[in-house]
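Note sheet for the following structure.
The values are calculated or read from the model by the stated rules, or taken from the named source; none is laboratory data. Just so you know, these numbers come straight off a predicted model, no measurement behind them. Positions of Cβ are generated from backbone atoms using ideal geometry, with glycine treated the same way; all protein chains shown enter the neighbour counts.
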Amino acid sequence: MDLPIVYHPDYVAPLPEGHRFPMPKFGQLCELLLADGVVQPQQIHNPQPPPREWIELVHTREYIEAYCEGTLDPKAQRRIGLPWSPALVMRTCTAVGGAILTAKLALSQGLACNTAGGTHHAFPGYGSGFCIFNDLAIAPRVIQKLGLAQKILIVDLDVHQGDGTAAIFQHDPSVFTFSMHCGDNFPSRKQNSDLDVALPTGLDDDGYLQILARHLPELLSQTHPDLVLYDAGVDTHHSDRLGKLALTGTGLYRREMLVLSTCVAAGYPVACLIGGGYADDIRGLVWRHSLLHRAASEVFRQHRL
């Protein structure tokens, strides 16, 4: 068996010229993984948009309908930060389907990676910060509804707090939310995750990894999850436009190996989403995202999953 990778061409939707959201990275990530031989074509699984009632496990019907039909009011649209289009609706729903498929594959194979996902700023009734529907929340609810897992741990290492996810699961003991993020960064108004670790601006590789290594094994033994959802944002990199931390590429790879090997060695399946990453140099950004899949391939081989 090979590491399952989830991708769909609909992960890329057109945006206006010069828009600061790096939409091309999703297609280029899959191309790079194939070109470098990290992934073979037969490892790629194509998701489908989920039925709307699955999205309604997290989001209000009014918000879903307004977004999908293009009738969201301009203020709510501006809060998302992405101009509406039918292609973006398809992209949004397909990416949610991708998170669900990644979770299912992780449960059956032990480890699986999406090539998109991590839309943790979306709340039940509105989107925010480039996030429309919260795949980190929808996937656990669907997996639970299907009876595939009950206890889920979300490990969110994006540089920004997973505020939407924290709010959604605030009163749900079956999903534990862990967010390790830069304290002095978006969103200005933080929510309460089950465990929040706010990091100082400018933190480097060693400082970051020491803090993570202190928390992760204890979290796993405390929660005993049926599934770990890992949001591997690379906006923690020193060159990221929206980051404020100082990780290097080597530090990111060490982080991915730490998270994945710790979880897999302890017998916990992991579904990986790529999270945030913002840079004018798209090639460098895509390389940083690919470190997740490179590390996952290594862990998959090491543990003969």
Of the conditions (1) in a loop (DSSP other than H, G, I, E, B); (2) crowded, with 17+ Cβ neighbours inside 10 Å; (3) of a type outside the set (Gly, Ala, Ser), Arg20 satisfies every one except a single condition; which number is it? (2)
Return yes or no: is Asp184 at pLDDT below 95 and either in contact with a Ser or Thr (Cβ under 6 Å, 6 or more places away or on another chain) or part of a helix (DSSP H, G or I) (or both)? yes
Tell me yes or no: at least one residue of segment 201-216 is in contact with an Asp or Glu (Cβ under 9 Å, 6 or more places away or on another chain), without any contact (Cβ under 8 Å) to a residue 60 or more places away in the chain, buried (at least 19 other Cβ atoms within 10 Å of the Cβ) and part of a loop (DSSP other than H, G, I, E, B). no
Given the residues Ala149, Ala122, Ala137, which is the only one that is farther than 19 Å from Pro269 by Cα and either out of contact with any Ser or Thr (no Cβ under 9 Å at 6 or more places or on another chain) or among the small types (Gly, Ala, Ser) (or both)? Ala122
When segment 50-81 is checked residue by residue, the ones that are acidic (Asp, Glu) and either out of contact with any Gly (no Cβ under 9 Å at 6 or more places or on another chain) or part of a loop (DSSP other than H, G, I, E, B) (or both) are Glu53, Glu56, Glu65, Glu69, Asp73
Yes or no: Cys131 touching a helix residue (DSSP H, G or I) at 6+ places or on another chain (Cβ under 8 Å), of a type outside the set (A, V, I, L, M), within 23 Å of Tyr7 (Cβ to Cβ) and buried (at least 24 other Cβ atoms within 10 Å of the Cβ)? yes
Can you name the number of the only condition in (1) farther than 20 Å from Glu53 by Cβ; (2) touching a helix residue (DSSP H, G or I) at 6+ places or on another chain (Cβ under 9 Å) that Leu146 fails? (1)
Boolean, Gly147 is of a type outside the set (Asp, Glu), more than 19 Å from the chain's Cα centre (by Cα) and surrounded by fewer than 18 Cβ atoms within 10 Å (Cβ to Cβ): yes
Quick one: which residue in Gln43, Gln28, Gln48 is crowded, with 17+ Cβ neighbours inside 10 Å, polar (S, T, N, Q) and touching a helix residue (DSSP H, G or I) at 6+ places or on another chain (Cβ under 8 Å)? Gln28
If only one of Gly276, Gly251, Gly267 is crowded, with 17+ Cβ neighbours inside 10 Å and not in a helix (DSSP H, G or I), which one is it? Gly276
Report whether or not Ala112 is modelled with pLDDT of 95 or more, within 13 Å of Tyr7 (Cα to Cα), outside any helix (DSSP H, G or I) and touching a Ser or Thr at 6+ places or on another chain (Cβ under 6 Å). yes
Within segment 154-175, does at least one residue satisfy the condition of being part of a strand (DSSP E or B) and farther than 15 Å from Leu227 by Cβ? no
For segment 68-82, name all the residues that are within 20 Å of His19 (Cα to Cα) and under 24 Å from the mean Cα position of the chain (by Cα). Ala76, Gln77, Arg78, Arg79, Ile80, Gly81, Leu82
Could you list, in sequence order, the residues of segment 1-45 that are at pLDDT below 95, within 14 Å of Ala296 (Cβ to Cβ) and not aliphatic (A, V, I, L, M)? Asp2
If you check Thr92, Thr119, Thr102, which single one turns out to be of a type outside the set (Asp, Glu), assigned to a helix (DSSP H, G or I), touching a Phe, Trp or Tyr at 6+ places or on another chain (Cβ under 7 Å) and surrounded by 16 or more Cβ atoms within 10 Å (Cβ to Cβ)? Thr92
Any residue in segment 60-77 that is without any contact (Cβ under 8 Å) to a residue 24 or more places away in the chain sitting within a Cβ distance under 8 Å of a residue that is surrounded by fewer than 12 Cβ atoms within 10 Å (Cβ to Cβ)? List the pairs, counting only those 6 or more apart or interchain. Glu65/Thr71; Ala66/Asp73; Gly70/Pro86
Checked segment 279-305 for anything touching a residue at least 60 places away in the same chain (Cβ under 8 Å), among the aliphatic types (A, V, I, L, M) and outside any loop (DSSP other than H, G, I, E, B); matches are Ile282, Leu285, Val286, Leu292, Ala296, Val299
